[in-house]
Amino acid sequence: MSDKVYDVPSQWAQKAYVDDAHYQSMYAASVNDPNAFWGEHGKRIDWFTPYTKVKNTSYDPGHVSIKWFEDGVTNVAYNCVDRHLETRGDQVAIIWEGDSPDESRKITYRELSSEVNKLANVLRNRGVEKGDRVTIYLPMIPEAAFAMLACARLGAIHSIVFGGFSPDSLGGRIADCGSKVVITADEGLRGGRKVPLKANVDAAVNQIEGGVDHVIVVRRTGGKVDMVPGRDVYYDEAAAMVTDECPAEPMNAEDPLFILYTSGSTGKPKGVLHTTGGYLVYASMTHQYVFDYHPGDIYWCTADVGWVTGHSYIVYGPLANGATTLMFEGIPNYPSMSRFWDVIDKHQVSIFYTAPTAIRSLMQAGEEPVKKTSRASLRLLGSVGEPINPEAWEWYYRVVGEERCPIVDTWWQTETGGILITPLPGATKLKPGSATRPFFGVQPEVVDAAGQVLDGACEGNLVIADSWPGQMRTVYGDHERFEQTYFATYPGKYFTGDGCRRDADGFYWITGRVDDVINVSGHRMGTAEVESALVAHPKVSEAAVVGFPHDIKGQGIYAYVTLMDGVEPTEELRKELVAWVRREIGPIASPDLIQFAPGLPKTRSGKIMRRILRKIAEDQFESLGDTSTLADPGVVEDLISNRQNKR
Ligand code: WT7
């Protein structure tokens, strides 16, 4: 761990929304009287009918229920678009930067309004109403934001599926939430390569009983795709038939806004459900304070809208604040390793938010691709998605930010809706590798395995003691699973699944997942999902998947595979299994290493001892721990001697 400390520069303490004293007093107020605090800050969005109640939440086992602003009525699209028209209709809302540096587009709030309303009318003409689910499987093009806001305008619940997921994964998500409408594109474009999105939708929909009613296809590349008559329509043709006026549906604060599927330690991905009022208040407030967003800033978050970061910090938070948000279709190393920095110069970006995995991969190319750009417009940097190692932090700070830009290392999750632990740039000194302190209203605690709350400097598991407005409300269609997953381990508290350390300054250092979830390039993967994909292969009898430290990805996927009797472990089969998992789940789930294992370490009752498999994958052969309960201790020696090499 690094013990370097960077004090808040005095110009930041003076100019930012909050300095340290202000943070301390606001934080105290937020936890001492959440009703008063959020009652006040809830007014940052416009309400059609103001709320009279603020917090009504319970973490009681068997009765978990989370409601914020429950009698208020509003609409998210109204807040992200309409309310800005009078004051900043001609201001740019979205800067779109295409995969190719030759393509970009600027969309003002007035244009955004017209685009969102047209898309909403196209959906409405196809019978979409309040409460209906709409699946969005789009590349990073402006239509992705239009589609989200169009759903919000009608009160339909969107479920975005990342374009890197396979037809199987997409089909499972469409079926789970019962979407009858899918919005996609002919093809996506990333790093000059085409992604067959429409063809994937066709394959996904074919496996769903009853299919879907409508597939709306945005033309991105103009590539030829199959269109099913009566079901499929090109978006531009449908949009030409509608007006750009569409009323915003009055939504209760607790009406659902979106579902986003995320991996857990067991079973299929869960549909994380977020609702309207609390989510928007929290996303917009964190966006303003964490990034110290001021009018005139050009703000760029490099995430994909297929992840929660794209929901809260490309679309909803920034647009609720009337910001200019940059949306990037491409990848960090195309057409050159300078692409991020070139885009910053081209659009004069002042706030830049990316992931440690991107920083680490760019760091490998050295300083030259960064140094040859100006980056003079930058004033703040952000990091999200996984722990940032101090070396990557220092490089980001020194080379990219030229020691001028504070870094906000923001810890949060799909489930939390917005950032929970983070520095505020005018208030918090920085320690490379630490997410530092809780945001307003957030009460982190560190507990030991028995659930005992630890004091002072300590290390254990991270729980949150009470609710905040952006918290997920349930698992779509399975409230029981919601309670089991998040509230049963430490009854009465929200369990994050992360381990953490708290230092003597009260700063939090997230150490990574303590459950069977791994974080590959900031993407969350359930080991159980990869295992079930592997065992679905006819030649595989058993599989166990764990994470291992990876220089660029943070964690890589290590799979131990036992083959069916008589099947030869060949290099060819190894490749076939990798391709199989890519096809089953998607490229992001590709195993980095596959070890063919004649046997897996099991207890006498047949339980796989993953602790041992994790240690072997981490090269920690000396600290395997207690192996006395193994049914066949010989298995371990074989595993160690056939350890796959990561480099
Ligand atoms: C998991 C949540 C939050 C948006 C992107 C990921 C890890 C996230 C940090 C950070 C250390 C982090 C945690 C968390 N994580 N941000 N700043 N420092 N770890 O969302 O896919 O729901 O994953 O990502 O392990 O539990 P997600």
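Bear in mind that the values in this text are calculations on the coordinates, not laboratory data. Values in this document were obtained by computation on a predicted structure and should not be read as measured data. Glycine gets a Cβ as well: all are built from the backbone with ideal geometry, and neighbour counts include every protein chain shown.
Here are the numbers:
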| quantity | calculated |
| --- | --- |
| Cβ pairs under 6 Å, 6+ apart, first in the stretch 348-361 and β-branched (V, I, T), second assigned to a helix (DSSP H, G or I) | I359/A392; I359/Y396 |
| Residue that is surrounded by the fewest Cβ atoms within 10 Å (Cβ to Cβ) [pool: residues in the stretch 510-527 that are among the hydrophobic types (A, V, I, L, M, F, W, C) and within 8 Å of the ligand (Cβ to nearest atom)] | I510 |
| Enumerated strands (runs of 3 or more DSSP E) restricted to the stretch 24-113, each holding at least 1 residues that are crowded, with 18+ Cβ neighbours inside 10 Å, touching a strand residue (DSSP E or B) at 6+ places or on another chain (Cβ under 9 Å) and basic (K, R) | 55-58, 65-68 |
| S179 being small (G, A, S) and outside any loop (DSSP other than H, G, I, E, B) | no |
| Residue check, D186 among the charged types (D, E, K, R), touching a helix residue (DSSP H, G or I) at 6+ places or on another chain (Cβ under 6 Å) and crowded, with 17+ Cβ neighbours inside 10 Å | yes |
| Strands (runs of 3 or more DSSP E) fully within the stretch 294-357 counting 3 or more residues that are of a type in the set (D, E, K, R) and closer than 21 Å to R153 by Cβ | none |
| Subset of the stretch 509-562 [touching a Phe, Trp or Tyr at 6+ places or on another chain (Cβ under 9 Å), under 26 Å from A392 (Cβ atoms) and among the hydroxyl-bearing types (S, T, Y)] | Y558 |
| Segments classed as strands (runs of 3 or more DSSP E), wholly inside the stretch 472-563, with at least 3 members that are under 25 Å from S361 (Cα atoms) | 508-513, 517-520, 523-526, 540-550, 554-563 |
| Lone unmet requirement of (1) surrounded by fewer than 24 Cβ atoms within 10 Å (Cβ to Cβ); (2) over 18 Å from L420 (Cα atoms); (3) in contact (Cβ under 8 Å) with a residue 12 or more places away in the chain for H294 | (3) |
| Elements of type strands (runs of 3 or more DSSP E) in the stretch 218-285, at least 3 residues being within 16 Å of the ligand (Cβ to nearest atom) and not hydrophobic (A, V, I, L, M, F, W, C) | 270-275 |
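One line per residue, one yes/no per condition, for (1) without any contact (Cβ under 8 Å) to a residue 40 or more places away in the chain; (2) in contact with a Cys (Cβ under 6 Å, 6 or more places away or on another chain); (3) closer than 20 Å to A16 by Cα:
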site	(1), (2), (3)
I388	no, no, no
A392	yes, no, no
V400	no, no, no
Q413	no, no, no
I419	no, no, yes
T422	no, no, yes
K429	no, no, yes
G433	no, no, no
